1. If you filter segment 139-197 for GluC sites (Glu not before Pro), then keep DSSP loop positions with at most 10 other Cβ within 10 Å, what is left?
2. Eigenvalues of the Cα gyration tensor times 5, then square-rooted: what semi-axes does that give for the chain, in whole angstrom, largest first?
3. When DSSP assigns beta bridges and you keep just the ones with both residues in the chain, what percent turn out antiparallel, to the nearest 5?
4. Going toward the positive end of the dipole of the chain, with +1 on Lys and Arg Cβ and -1 on Asp and Glu Cβ, which of Q266, T357, T34 do you reach last?
5. Need one number: convex hull volume per residue for segment 341-493, Cα atoms only, in Å³.
6. How high is the relative contact order of segment 61-133, given as a whole-number percent (alpha carbon pairs under 8 Å, six or more residues apart)?
7. If Lys and Arg each add +1 and Asp and Glu each add -1, what is the summed charge of the other residues whose beta carbon sits under 13 Å from the beta carbon of Y112?
8. Within segment 280-378, which trypsin sites (Lys or Arg not before Pro) sit in a loop by DSSP and count at most 16 neighbouring Cβ atoms inside 10 Å?
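What follows is calculated from the coordinates using simple rules that are stated; it is not laboratory data. Here the structure is a predicted model, which means the values were calculated and not measured. A quick note on method: Cβ atoms are made from the backbone with ideal geometry, for glycine too, and the neighbour counts reach across all protein chains shown.
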Amino acid sequence: MTEPHPDGYQHTDRHPIGKRDATDRVHDSDEIWTPTWSREHLGEQGSRCMDCGVPTCMGGCPIGNIIPDWNDLVYRDDWRAALDRLHATNNFPEFTGYTCPAPCEDACVLAYNDDPVTIKSIERAIVDKGWARGWIEPEPPTERSDYAVAVVGSGPAGLAAAQQLNRVGHHVTVFERDDELGGLMRYGIPNFKFEKWRIDRRIDQLAAEGITFRTGAGVGETVDPETLTDDYDAVCLAVGAQAHRDLDIPGRELDGVEYAMAYLVQENRRQAGKEQDDDPIHAADKHVVVLGGGDTGADCVATAHRHGAAGVVQIGINPQPPLDRPADNPWPEAPKTYHKTYAQEEGGVQEFEIDTTAFQDTSGDGRVDTLAAERVLWSYDEEGNRVSKQVLESDLEIPADLVLIAIGFTGPDGDPFADLGVGRALDGSFDTDERMMTTAEGVFAAGDANMGASLVVWAIGEGRDVAREIDRYLTGSTDLPASLRTHNPPIAP
Ligand SMILES: Cc1cc2nc3c(=O)[nH]c(=O)nc-3n(C[C@H](O)[C@H](O)[C@H](O)COP(=O)(O)OP(=O)(O)OC[C@H]3O[C@@H](n4cnc5c(N)ncnc54)[C@H](O)[C@@H]3O)c2cc1C
């Protein structure tokens, strides 16, 4: 092993924490990740960071993680200080350390013409060590205010908002309609990407800090929305964007045509040993077609393989992205290039530019068995919208005993908050102003509910920002930090 070196990138190649062998991991639902590297190895990897004058990695990180600092602290073997630096900008670094697609690495200066620093691996190693050493403990506030805040939804946005607000002394109650806390991290993201005890451990910390959690408390279901505004001084809607986008084509009503989320939620409940639906969705021995080329689709592909599907085809309507950055997508922008997903590493076929035209039941038993489709070539307008198509191959027939629709989300589902005066923006998310306040006085929104379906790291940033705005709304000023998000300007003090 080479010695760590301040200009380590000249001496050491990139070696991120890896994934288990695809042919092994596909047979179980344990996490796909390999254990962390040794501290020496991580120190070497940290030494590849150049401590750039303009740390573009921080600009690439939606929460502005102070990446060069903790890379250097790991290189210097000061893990405790590295953990503090990590927590300065991120309430839950293990949520991102395990799930984040790491836009910071794409923006790393080394990525201009070399392999980037293993930022995500180092983040994960720091926080794993923090938990293993018992350094992560409840931090209850020293003083309490007289203000009470209701947070609706317990995904990463709601949990981050709750922790920030509680730490400045407000009384925080989290309302969650599910039987367990964590939002899409609990029932969306599969166990093999993110094991759920990691959420439980944080919930224990938050509860010990004084946050009240109410599960099975769906606002508009068991909780009257008006109790929120009557009983609390401010409300934070962190209810996600879980309304499905549907595909209204012939045969949509057939058995076996399901939303991806119905499938993934059931599987997460199965993995947790919870009660199953009477009519479970299972892929064993089935020809599975996943509609949608994104992450939700990938998670369906991987789940179907673990179920023992006879075959899995993932279909995207858009063209396959290029392997290298196009000229109009230079570094340090997020690259619009093709990456084979972990799911495709495990098997299955991926098709692009396929337009599905019908779900068919050729045997007449009420169940889908075939997907009818066309291979197409799209033309686009200047905004990148599809405007017309040329059919290259019509009458495609793809065997499909189970079709999983994973073509995105249209905003928060249901509308229990409309009676409070909470309006919607054109994209379906809640309509908020620059303070993240909705059209209802004192009712704020954060996370996917505010910005549309996104990523865990954005949700945490939104949670931190909305806490700052709510604290300022309640008290007239705030010492809570802004998240330094790059795509929305930082909120002015
Ligand atoms: C299948 C899948 C895989 C994903 N994988 C990744 C990944 O690998 N990496 C990544 O960064 N991101 C991933 N994401 C995206 C990420 O999970 C979300 O962006 C993130 O969870 C959004 O957080 P949130 O707190 O805004 O909302 P959510 O996590 O959606 O949480 C919202 C919560 O609000 C609750 N709620 C809703 N309505 C009410 C109500 N009326 N009353 C009470 N409670 C209510 C819901 O039950 C839910 O628990 C994935 C998403 C999906 C669907």
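1. Passing sites in segment 139-197 are E143.
2. So the three semi-axes of the chain are 36, 31, 22 Å.
3. 40 percent
4. T34
5. Spelled out: Cα convex hull of segment 341-493, divided by residues, is 182 Å³.
6. Contact order relative to length: 34 percent.
7. On the way: positive: R325; negative: E105, D106, D114, D115, E333.
Local charge sum for Y112: -4.
8. Numbers: sites: K286, R306, K336, K340, R367, R375; in loops: K286, K336, K340.
In loop regions of segment 280-378 (DSSP not H, G, I, E or B), the sparsely surrounded trypsin sites (Lys or Arg not before Pro) are K336, K340.
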